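Below is one structure, written out as structure tokens; comments come after it.
The values are calculated or read from the model by the stated rules, or taken from the named source; none is laboratory data. What you see is a predicted model; the values in this text were computed from it and never measured. Here the Cβ is made from the backbone with ideal geometry for all residues, glycine too, and neighbour counts use every protein chain on show.
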Amino acid sequence: MIGKWVRLAALSSACALLTGAVRAEDPAAPVAPAAPAAPAAPAIEAESNSYIIPSPDGLELPKLDFTATPQDEQEYDKYFYFHRPDTSFAQAYADIKECDALASGSSIYLDNSAAVAGATAQYGALAAGVGGAIANVMVDAIFGSAARRQQRRVNLRNCMHFKQYGRYGLSHDLWSEFNFEEGNGRKKEGVRNSSLALQALVASGPQPKTRELGL
């Protein structure tokens, strides 16, 4: 009798072990796949040439009337202003701002070997007397800045002429009141924008009384 109970206990233990082994081999419950991440919204690139058009309120029209001298007339290729009839201040500012950006781009402040070479050829006695790297710096400071100013003026005139603005001569003193020159570096934006606003006021103001110079 005791032996019978021993055999039943052994059989029960074996069944328990077999059941546990089968359960251990059961495949794990399927895991729901993670939902795909929502695509990121595309970044919006800000316009690099965006700017705010200032208000003409409070701006005073620069003095334009003067009695031209022969010296003034010889320098009209340097000192001038623009005007176009039936043009708003906002439109004139946008046009001048665009042409200023095109005329004074960063490329005119990089090494311009052709301009420096031409200036060196013209002023060879001075340029040839200085040697090495210092000579290059001095030549560019003396002649390169003048070449860059001339290049900016030519670019500005071409751009504004394309936009159908007339060009009118001005004396150096009056021109300096609302314009700027730059050759060895770019003017700070505050100074630049103030001058451009006055130039736009002139370009959209009363019709000039002097003759148009053309391109």
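Some points to look at:
- Single unsatisfied condition, R152 versus (1) under 21 Å from L61 (Cβ atoms); (2) buried (at least 19 other Cβ atoms within 10 Å of the Cβ): (1)
- In the condition set (1) modelled with pLDDT of 95 or more; (2) under 16 Å from R149 (Cα atoms), Q91 is compliant with all but (2).
- Per-region count, region 65-88, residues assigned to a loop (DSSP other than H, G, I, E, B) and more than 22 Å from L196 (Cα to Cα): 3
- Taken over region 57-93, the residue count meeting the criterion of being without any contact (Cβ under 8 Å) to a residue 60 or more places away in the chain and surrounded by 15 or more Cβ atoms within 10 Å (Cβ to Cβ) is 0.
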